[in-house]
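First the structure, in the form of structure tokens, and then the observations on it.
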Amino acid sequence: MNLTLRIWRQRGPEDKGRMVTYQVDDVSPDMSFLEMLDVLNERLILQGEEPVAFDHDCREGICGMCSLMINGEAHGPQRGTTACQLHMRQFSDGDTIDIEPWRARAFPVVKDLVVNRNAFDKIIAAGGYITAPTGSAPEAHSVPVAKNNADAAFESAACIGCGACVAACPNGSGMLFTAAKVTQLSLLPQGQPERYTRVIGMVDAHDEAGFGGCTNIGECAAACPKGIPLNTIGRLNRDYLKATSKRAGTPGS
Amino acid sequence: MDLYTEGDPIADTKAPDGPIETRWERRRFEAKLVNPANRRKLTVIVVGTGLAGGSAAATLAEQGYHVKSYCYQDSPRRAHSIAAQGGINAAKNYRNDGDSVHRLFYDTVKGGDFRSRESNVHRLAEVSVNIIDQCVAQGVPFAREYGGLLDTRSFGGAQVQRTFYARGQTGQQLLLGAYQALERQIGLGNVEMNARHEMLELVVVDGRARGIVVRDLVTGEITTELADAVVLASGGYGNVFYLSTNAKGCNVTASWRAHRKGAHFANPCYTQIHPTCIPVSGDHQSKLTLMSESLRNDGRVWVPKAKGDNRAPKDIPEDERDYYLERIYPSFGNLVPRDIASRAAKNVCDEGRGVGPGGLGVYLDFADAIQRLGRKAIEAKYGNLFEMYERITGDDPYEVPMRIYPAVHYTMGGLWVDYDLQSSIPGLFVIGEANFSDHGANRLGASALMQGLADGYFVLPNTLPNYLANAGSFEKVDASHPDVVAARAAVEERIQKLLSINGDRTVDSFHRELGQIMWEHCGMERTEAGLRKAIDEIRALREQFWQRVRVPGDGEGLNQSLEKAGRVADFFELAELMCIDALHREESCGGHFRAEHQTPDGEAQRDDDRFAYVAAWEYTGDQPVLHKEDLQFEYVHPTQRSYK
Amino acid sequence: MAVTGILLVLFLILHMLGNLKVFTGETSFDHYAHWLREIGTPLLPSTWYLWIQRTVLAVAVLAHIGAATVLSMRAHAARPVPYAHRRKIHVNYAARTMRWGGVIILLFVIYHILDLTTGHLNPQGDPANPYGNVVADFAPERWYVTLFYVLALVTLGFHLRHGAFSAFRSLGQQTPKGERRARSAALVFAVVLVAGYLVVPFAVLTGLVA
Ligand SMILES: Cc1cc2nc3c(=O)[nH]c(=O)nc-3n(C[C@H](O)[C@H](O)[C@H](O)COP(=O)(O)OP(=O)(O)OC[C@H]3O[C@@H](n4cnc5c(N)ncnc54)[C@H](O)[C@@H]3O)c2cc1C
Ligand code: HEM
Ligand code: SF4
Ligand code: FES
């Protein structure tokens, strides 16, 4: 099939950037979206133009590196699918496809479609862990975890840190990402001791990074390629309320 | 032979002797320690943030060292360990099915086709149990049973259920555990994280590894980073084949640069070809996707009995199907080790019984399992893998059997290290897939995660201090030291060279062609003639590369073509060494199958008299020099591997 | 947001119940309106309670608008460069219209106060006879007033539908099942409330209340 692409080109962080139109022909429906961009790039290089920079690595939907806004939708039209796993059979001959980077103040554009998502790492560094220095761990079976809690924790832990939630959110909020980690750790017995300091630390880091506030719209969960459920945000809110009320710090409570 | 020369044999001088169960304990006790107050003054560079690098950086920082960490992705969380699906082995024996440290040790040595070191493997099996404890404490959400205890499943090459897993995302969950521990240390200021930085050279001063030269991939700036020791955890080099299950960015550059500076490269030809991957769909193919080996627990592998039978799978009656793994290997059936399953698939395809476009595929069929356990149960176990398969191929595996074909997956070879995981350059330690240490000629499923974490959490943090204890007597270096300046200049020169060729072919086109040569002649089956041909072709292509490659843009700022070009340039050199290694090893073992050396029924034929050694190659710039490290087997006596 | 919103919702419920007293007849309704002014007497001087309530409401409205403004400004700051191609929000219409909906509601509330509380914009404007004021308001020939009222209330309905759900969420509703319940409860609540308000003008319009 033949496609028209309109791609955001921006030489560097200081450049203003603009949409540029390209034509790509003979696209196979078995190609992945990124393979289609590879074909374009091969051609651009031979024509003496700069190829389009875009982030990708695993190309199997797990590393969270790919990050394309395709026709105004984070990771494109197929639900539960990252851009690298999106295949061209989802499009038809003659389509025009707009490709843009994630847009958020906390994710500044590095070049073309590449953004800097360091803000997510900062949120994790602010509490998204369980303190368990190597060597200090008790025998794994000393604390059983109810299967339903383990499964729910896993569901939240599936987040790949791609940032599609932020890209899709009308408020530019990173609350789904933050809530996914808070939920995972607060569902596990091992996560209890730091439960309340964690949520405060992470939400503060989130706000500080320049993400917008959450108004429970739900676009994030609709765009999330890993199906992180919206109710994780409710868990975060509940922990946050408890943490900010005095009780959470009181011994024995 | 004309292609290499033979040097002095080498020995692993750090490996203790005595009863095998006591060796690690003894080594730990004998190792020198560093006073806690002095640790902060010591800097360790860790290249790579995968399971190996992430866990090592976090642990060393917890111990009090100052750590500088590097990865080429935008976040340490994205190292390719994230993609591991199936699981991680540990000798917990929670199932009471006869597992033990000794059995895991035994299975791993045997699975590696008797080409690994017993001491190392035993240590690996010992610490495997600590890994599970550590990960659970970090909040890794392993699969659990209704009673709240950890679930396990079976994996290829073992008859016990010792594989712990987190649905089909075990690597992701383990890596996030290590990543979170690392982020905690970053937050505390103990680790200086440098994401989107690529190591392009090793700095060796006075015979010791003292730093690296890195390029900031965002600004293009080249800097030298100095330290008291350097740890490489830069992963495997499967991408030398262009198509593999590795991430696009996986590369050999860090290891190769160290090799050029004097680190021996061991067993480069040992490559693992994974039997269950999604077949190639066209020329545009940029990578191959693994379908976890765990699928072989419930899926049955078959091809039609007749050649060229191109009926739809459901129209082929039971008695016209050949469940060839079950037929040839009745006791392990579909769960034979990877090398065996892959070669069997190749054989049936070579016979003309392969299915799908080009006849390069076999069926992995879940119909029986779905009937026996119900669709729900299958969905719970493999749901995400089935979805992934459908997304890529457009076929629904609940209805139509999957089509799979072997693909390059893992590299057992890597930089040579001693028992302490130190390379032949003092102060350069190598961990994870980047070293060669524990898997011999074939790695068992779910053992790479185990090895990466064993190295990073438990082994290196015990052996590195022994080296650092003497750091006080090292020569002082700063950026103006002539060796440091030279290392940096070499990097700049190479980048300028790549940018200035301005030829008429893209980097990818070269990489793809190199991959085809390697797959054809240094893949699942190797012959002397093929390997010789490959070496000639690689040399010719490399020459073309340096004359005709076009790298657009400049060295400033993000330039993904430049990154690729540097990596491919190193792959060319590695590819040649792999072929030389494969050529010199005139036997078949594990993932290395020489067509000239097979048993009458087509199994790999080892030659223990001539080849029970590790081939450690020294770089000379011209013919490589082979150093042999003899392997001794005191506990597991080499036998012909049999899974029948 | 949630707390001030809930205060406003409480008021909306009381206010709706009060409005429904129209159906009990003119004297009863006027009596009720008068009684409102006397709550708390003799403990509190006449109309004090009403003023307390008004103050609380005013503060709530201001805080609510303030919080909404902060959220909007943060959202704006969080995405300085807009998308060239932006698909409409697919999850729900109500969530999308919170901000403009809120402004429409505010305009309505201002008009509403000038109309029925102060009487400035009311055709009758007799503080002693609210029943008459209401009837005069929604007289058939003043259909445009009714139309505006209806539109404003439908907007309010949307606002409440997402608002109520969002408030549950903000206060920690956290299970998937609870989420379905919260969504349904919000919808039912919004519909009942809007219906409760709308019966009054329709009753006047159809002559049921005259
Ligand atoms: C698809 C797939 C599935 C797998 N499934 C399993 C499984 O189920 N069980 C199992 O045991 N094993 C599995 N494996 C193998 C296992 O995942 C890997 O061997 C292991 O994770 C490697 O970890 P590592 O830390 O050594 O390297 P990696 O995780 O690959 O990390 C390499 C790191 O080095 C960095 N790096 C590399 N080069 C440079 C450079 N030049 N400069 C700076 N940084 C650099 C990268 O950024 C990255 O951080 C699987 C592998 C694949 C590909
Ligand atoms: C200018 C006027 C108004 C604006 C700009 C406004 C804006 C908003 C916004 C943005 C929200 C969303 C908060 C969220 O989703 O969490 C909200 C919620 C809400 N609004 Fe308003 N609003 C206004 C007036 C009103 C009025 C007059 C009422 C009631 C009479 C009201 C009732 C509510 C309620 C109950 C909520 C839910 C609280 C919550 O979300 O937690 N609003 N409003
Ligand atoms: S919550 Fe979903 S969309 Fe957001 S970062 Fe995680 S995986 Fe991506
Ligand atoms: S490239 Fe890894 S998730 Fe898309």
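The values are calculated or read from the model by the stated rules, or taken from the named source; none is laboratory data. As the structure is a prediction and not an experimental result, all values here were calculated from the model. Here Cβ is always computed from backbone atoms with ideal geometry, including for glycine, and neighbour counts include all displayed protein chains. For the accessible areas, the whole protein counts, side chains as well, though only heavy atoms, and no ligand, DNA or RNA atoms are used. Shrake-Rupley method; radii C 1.70, N 1.55, O 1.52, S 1.80 Å.
Per residue of B:101-113, other chain Cβ atoms within 10 Å of the residue Cβ number 0 on average.
Label sites at B:TYR635 and C:THR47, each approximated as a point 7 angstrom past Cα along Cα to Cβ, lie 9.4 nm apart.
Using 23 Å as the Cα-Cα cut-off, could you pick out the over-long pairs in A:LYS181/C:LYS177; B:LYS41/B:LYS476; A:LYS122/B:LYS564; B:LYS41/B:LYS68; B:LYS307/B:LYS381; B:LYS68/B:LYS497? From A:LYS181/C:LYS177; B:LYS41/B:LYS476; A:LYS122/B:LYS564; B:LYS41/B:LYS68; B:LYS307/B:LYS381; B:LYS68/B:LYS497, over 23 Å: A:LYS122/B:LYS564; B:LYS307/B:LYS381; B:LYS68/B:LYS497. In the context of the full protein assembly, C:GLU38 retains an accessible surface of approximately 60 Å², using a probe radius of 1.4 Å and ignoring ligands and nucleic acids. Farthest toward the positive end of the dipole of the protein assembly as shown, out of B:LEU428, B:GLY590, A:MET31, is the Cα of A:MET31, where the dipole comes from beta carbon charges about the Cα centre. Buried accessible surface for the A/C chain pair comes to about 3000 Å², total over both chains, computed with a 1.4 Å probe.
Modelled spin-label separation between B:LYS32 and B:THR5, with each label point placed 7 Å from Cα along the Cα-to-Cβ direction: 3.5 nm.
Which of rounded, prolate, oblate describes the protein assembly as shown, given a ≥ b ≥ c as roots of the alpha-carbon gyration tensor eigenvalues and a/c under 1.5 marking rounded, otherwise prolate only if a/b is larger than b/c? Judged from the Cα gyration tensor, the protein assembly as shown comes out prolate (a/c at least 1.5, a/b above b/c).
Compared with the dominant Cα axis of chain A, that is its longest principal axis, helix A:33-46 is turned about 50°. Return, ordered by residue number, the residues of segment B:28-64 whose backbone nitrogen is under 13 Å from a label point located 7 Å along Cα→Cβ of B:ALA469. Within reach of a label on B:ALA469, which here means backbone N under 13 Å from a point 7 Å along Cα→Cβ, segment B:28-64 contributes B:28-36.
Label sites at C:VAL56 and A:GLU208, each approximated as a point 7 angstrom past Cα along Cα to Cβ, lie 3.8 nm apart.
Nearest-5 percent of antiparallel DSSP beta bridges in the protein assembly as shown? Looking only at bridges with both residues in the protein assembly as shown, the antiparallel portion is about 70 percent. Of the trypsin sites (Lys or Arg not before Pro) found in segment B:39-104, those in coil by DSSP whose Cβ has at most 15 other Cβ atoms within 10 Å are B:ARG40, B:LYS41, B:ARG95. Accessible surface of C:LYS88 in the full protein assembly, 1.4 angstrom probe, to the nearest 10 Å²? The value for C:LYS88 is about 140 Å².
Plainly put, segment A:117-249 has a radius of gyration that is 0.97 times its Kirkwood radius, both from alpha-carbon atoms, as the Rg/Rh ratio.
Only bridges with both residues in segment A:3-111 count here: give the DSSP antiparallel percent, nearest 5.
75
For the peptides B:109-121, B:181-193, B:288-300, B:475-487, the ranking by mean Cβ contacts within 10 Å, running from highest to lowest, is B:109-121, B:288-300, B:181-193, B:475-487. Accessible-area rank, largest first, for B:TRP302, C:TRP100, B:TRP519, A:TRP8: C:TRP100, B:TRP519, A:TRP8, B:TRP302, with all protein chains present and a 1.4 angstrom probe. Only helices enter this figure: runs of n ≥ 4 DSSP H residues, each worth -39500 (n - 2.57), summed and divided by the residues of chain C, yield -24000 deg cm²/dmol at 222 nm to the nearest 500. Taking Cα centre as origin and charging only the Cβ of basic (Lys, Arg, +1) and acidic (Asp, Glu, -1) residues, the dipole magnitude of segment A:117-249 rounds to 260 debye.
Per-residue Karplus couplings for segment B:33-40, computed as 6.51 cos²θ - 1.76 cosθ + 1.60 with θ equal to phi - 60°, are listed in order as 10, 10, 4, x, 5, 8, 5, 4 Hz, Gly and Pro entered as x. In the complete set of protein chains, residue-level accessible area for B:GLU6 is approximately 110 Å², probe 1.4 angstrom.
Taking both sides together, what accessible area is buried at the A/B interface, probe 1.4 Å, expressed in Å² and rounded to the nearest 100? Looking at A and B, the buried total is near 6000 Å².
Counting Cβ atoms of other protein chains within 10 Å of each Cβ in B:176-188 and taking the mean gives 6. Using only DSSP helix segments of four residues or longer, with each worth -39500 (n - 2.57), what per-residue ellipticity at 222 nm results for chain A after dividing by its residue count and rounding to 500? Helices in chain A give a 222 nm mean residue ellipticity of -9500 deg cm²/dmol. By DSSP, the beta bridges lying fully in chain B are antiparallel in about 70 percent of cases.
Apolar share of the accessible surface for chain C: 74 percent from carbon plus sulfur atoms, 1.4 Å probe. With 0.36 nm allotted per residue and the present C-alpha distance subtracted, the B:LEU188-B:ALA479 stretch has 102.0 nm of extension available. The mean count of C-beta atoms from other chains within 10 Å of the C-beta of residues in B:207-213, rounded to a whole number, is 0.
I'd like to verify something in chain C: which complete DSSP H helices, judged by Cα projection on the helix axis, reach 27 Å or more and average at least 0.5 on the Kyte-Doolittle scale?
What comes out of the filter, once short or polar helices are dropped, is C:48-78, C:143-170, C:176-205.
Sorting C:ILE104, B:ILE316 by solvent-accessible area of protein heavy atoms yields C:ILE104, B:ILE316, largest first, with a 1.4 Å probe.
Sorting the segments A:112-118, B:43-49, B:9-15 by their residues' average number of neighbouring beta-carbon atoms within 10 angstrom, most packed first, yields B:43-49, A:112-118, B:9-15.
Over chain B, with every protein chain in place, what whole percent of the accessible area is carbon and sulfur at 1.4 Å, could you tell me? Could the numbers behind the result be given before it?
Details: 9850 of 20990 Å².
Carbon-and-sulfur percentage of accessible area, whole number: 47.
Accessible surface for the protein assembly as shown, divided over its residues, is 37 Å² per residue with a 1.4 Å probe.
Largest accessible area first, the residues C:THR206, B:THR224 order themselves as C:THR206, B:THR224 under a 1.4 Å probe with ligands, DNA and RNA left out. Mean residue ellipticity at 222 nm, helices only, chain B: -11000 deg cm²/dmol; runs of at least 4 DSSP H residues each add -39,500 (n - 2.57), and the sum is divided by the number of residues. Here B:LYS644 is the anchor, and the lysines within straight C-alpha reach of less than 24 Å, apart from those fewer than 8 places off in the same chain, are B:LYS110, B:LYS305, B:LYS346.
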